[in-house]
Amino acid sequence: MKHTLFALALLPSAALADPISFAWTPNPQTPQVDVALAKGYFTEAGLDVQLVTFASGREAFEALLGGQVDVAFMAEFPAATGALTKQDFAIVADLSRYTGSRIIGNTEQGALAAPADLAGKRIGTTLGTNVDYFLSEVLRTAGVEAEVINAAPGDLVPALLRGDVDAIVPFPTFYAGAAEALGDKYQELRPGGYAPHYVLAATTAMTSERGADLTAFLGALVKADADVSAAPAAAAEAVSGSMGGAVAPAELQKMWADVDLGTTLSTDLLDLLLSEASWIAAKGVVKADAPTAATIAPYLDATALSAVAPEAVTLD
């Protein structure tokens with residue numbers, strides 16, 4: 001997470017650029033954004049960043065595609081769909097990677113010690129999403145079959161408690177609630193193989209005629225990366241504050257044990273997007289030709305990040 005911040009020609013605060021509308025919702029995984037906001041790094045870079053909140057990353061991405069915002073924060077999965085449907089956008093940065101993806105079970109429904117234990121089980125998840133993709137990959141790799149049951153995100157934990165399903169694959173925001181609700185009946189399986197990437201997507205206007213603004217925007221985040229690395233406790237305080245105290249700073253630092261923090265753009269993300277897009281096309285979620293690395297790669301634009309942290313870009 002150590003990047004060399006190349007010197008930027010920062011504009012004075014009295015000469016701010018055109019506003020950048022940034023679709024972003026306070027969350028535990030992107031402390032560099034909270035630090036950049038708290039320390040005024042965007043303003044220092046001559047930017048007027050205006051935050052717009054959406055209920056989900058998918059909605060933020062839709063707003064970006066509709067021209068309502070300039071930059072959007074989201075998990076990578078909607079971008080795989082966007083690339084398949086040939087939308088106009090680019091992923092310009094990967095802020096963090098979550099390495100704690102898990103399958104959650106109720107001990108009353110049997111053992112959950114290995115992927116093989118999923119064979120024949122009723123597993124609840126939300127179809128057509130990244131957690132559905134994660135479950136599909138686990139089952140495929142293990143060579144087992146299970147009954148996958150579709151449910152809304154908020155319905156999964158109650159379904160597991162009632163015994164309607166034997167296990168669930170929820171979004172990470174529901175992990176803590178599941179552990180609290182199940183108590184000593186809680187069990188989890190962390191099979192690996194999938195790490196959600198929390199990315200920034202931008203409009204083509206931002207990557208072209210407003211490229212200087214985008215470079216300054218990412219420069220502020222790279223500067224904040226160094227602060228997060230040097231003072232994680234202070235970063236946790238900033239994140240907790242932006243979340244209205246919903247998660248205590250000490251709990252955030254525990255969560256970060258499962259998060260690879262730092263702004264990057266790598267082949268690992270390209271490989272994941274290709275795998276997801278192939279899965280989406282094969283499942284018929286979107287009617288599209290099977291993707292290739294050559295069709296997905298143009299949706300990763302490293303120009304701005306390369307200008308401020310070239311060592312953070314590892315695209316082949």
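The values are calculated or read from the model by the stated rules, or taken from the named source; none is laboratory data. A quick note: this is a predicted structure, and the numbers were derived from the prediction, not measured. A quick note on method: Cβ atoms are made from the backbone with ideal geometry, for glycine too, and the neighbour counts reach across all protein chains shown. The protein model used for the area step is the full one, side chains on, heavy atoms only, and it has no ligands, DNA or RNA in it. Shrake-Rupley method; radii C 1.70, N 1.55, O 1.52, S 1.80 Å.
Of the residues 223, 254, which single one is under 17 Å from residue 312 (Cα atoms), of a type in the set (Lys, Arg) and in a helix (DSSP H, G or I)?
Details: 254 fails: under 17 Å from residue 312 (Cα atoms).
One residue alone meets the criteria, 223.
Evaluate region 233-242: report whether one residue or more is farther than 25 Å from residue 26 by Cβ and assigned to a helix (DSSP H, G or I).
Of the residues in region 233-242, the ones farther than 25 Å from residue 26 by Cβ are none.
No.
I'd like the residue in region 235-256 that is open to solvent by 50 Å² or more (accessible area, probe 1.4 Å) and in contact (Cβ under 8 Å) with a residue 60 or more places away in the chain and, out of all such residues, is farthest from residue 51 (Cα to Cα).
Applying the filter and picking the extreme gives 255.
On the basis of being on the phi < 0 side of the Ramachandran plot and open to solvent by 20 Å² or more (accessible area, probe 1.4 Å), does residue 99 make the cut? Give the derivation first.
Values: on the phi < 0 side of the Ramachandran plot: yes; open to solvent by 20 Å² or more (accessible area, probe 1.4 Å): yes.
Against the criterion (on the phi < 0 side of the Ramachandran plot and open to solvent by 20 Å² or more (accessible area, probe 1.4 Å)), residue 99 qualifies.
Results for (1) open to solvent by 40 Å² or more (accessible area, probe 1.4 Å); (2) over 20 Å from residue 29 (Cβ atoms); (3) part of a helix (DSSP H, G or I), shown as yes or no for each residue.
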residue	(1), (2), (3)
216	no, yes, yes
264	no, no, no
271	yes, yes, yes
306	yes, yes, yes
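Within region 69-89, restricting attention to residues that are touching a residue at least 24 places away in the same chain (Cβ under 8 Å) and assigned to a loop (DSSP other than H, G, I, E, B), which residue is nearest to residue 220 (Cα to Cα)? If you could, list the steps in order and put the result at the bottom.
Just the residues of region 69-89 that are touching a residue at least 24 places away in the same chain (Cβ under 8 Å), to begin with: 69-77, 79-85, 88-89.
Checking the rest, the ones that are also assigned to a loop (DSSP other than H, G, I, E, B) come to 69-70, 76, 85, 88-89.
Values: 69: 19, 70: 16, 76: 22, 85: 32, 88: 25, 89: 21 Å.
Checked region 69-89; the qualifying residue nearest to residue 220 (Cα to Cα) is 70.
Yes or no: residue 66 open to solvent by 50 Å² or more (accessible area, probe 1.4 Å) and without any contact (Cβ under 8 Å) to a residue 12 or more places away in the chain?
Values: open to solvent by 50 Å² or more (accessible area, probe 1.4 Å): yes; without any contact (Cβ under 8 Å) to a residue 12 or more places away in the chain: yes.
Against the criterion (open to solvent by 50 Å² or more (accessible area, probe 1.4 Å) and without any contact (Cβ under 8 Å) to a residue 12 or more places away in the chain), residue 66 qualifies.
Would you be able to say whether some residue in region 123-136 is assigned to a helix (DSSP H, G or I) and open to solvent by 40 Å² or more (accessible area, probe 1.4 Å)?
There is no residue in region 123-136 that is assigned to a helix (DSSP H, G or I) and open to solvent by 40 Å² or more (accessible area, probe 1.4 Å).
Within region 13-52, how many residues are of a type in the set (Val, Ile, Thr), farther than 20 Å from residue 234 by Cβ and in contact (Cβ under 8 Å) with a residue 40 or more places away in the chain? Show your work before the answer.
Of the residues in region 13-52, the ones of a type in the set (Val, Ile, Thr) are 20, 25, 30, 33, 35, 43, 49, 52.
Remaining after also requiring farther than 20 Å from residue 234 by Cβ: 20, 25, 49, 52.
If we keep only those that are in contact (Cβ under 8 Å) with a residue 40 or more places away in the chain too, we end up with 20, 25, 49.
Here the count works out to 3.
Do any residues in region 200-224 that are within 23 Å of residue 56 (Cα to Cα) have Cβ atoms under 6 Å from those of residues that are acidic (Asp, Glu) and crowded, with 21+ Cβ neighbours inside 10 Å, where the two are at least six apart or on different chains, and which pairs are they?
Taking only residues 6 or more apart or on different chains, the pairs are 203/70; 206/70.
Out of everything in region 31-46 that is within 11 Å of residue 218 (Cα to Cα) and not small (Gly, Ala, Ser), what residue ends up being most open to solvent (accessible area, probe 1.4 Å)? Steps first, please.
The initial filter retains those residues of region 31-46 that are within 11 Å of residue 218 (Cα to Cα), namely 32-33, 36, 41-42, 45.
Okay, now just the ones that are also not small (Gly, Ala, Ser), so 32-33, 41-42.
On the way: 32: 2, 33: 0, 41: 24, 42: 8 Å².
Once the filter is applied, the top-ranked residue is 41.
Just to check your reading of the model, which residue among 119, 113 is in contact with an Asp or Glu (Cβ under 9 Å, 6 or more places away or on another chain), farther than 26 Å from residue 267 by Cβ and open to solvent by 50 Å² or more (accessible area, probe 1.4 Å)? Give the steps one after another, and end with the answer.
On the way: 113 fails: in contact with an Asp or Glu (Cβ under 9 Å, 6 or more places away or on another chain).
After ruling out the rest, the residue left standing is 119.
When only residues in region 152-207 that are touching a helix residue (DSSP H, G or I) at 6+ places or on another chain (Cβ under 6 Å), among the small types (Gly, Ala, Ser) and within 25 Å of residue 142 (Cα to Cα) count, which is surrounded by the most Cβ atoms within 10 Å (Cβ to Cβ)?
Among residues in region 152-207 that are touching a helix residue (DSSP H, G or I) at 6+ places or on another chain (Cβ under 6 Å), among the small types (Gly, Ala, Ser) and within 25 Å of residue 142 (Cα to Cα), the one surrounded by the most Cβ atoms within 10 Å (Cβ to Cβ) is 178.
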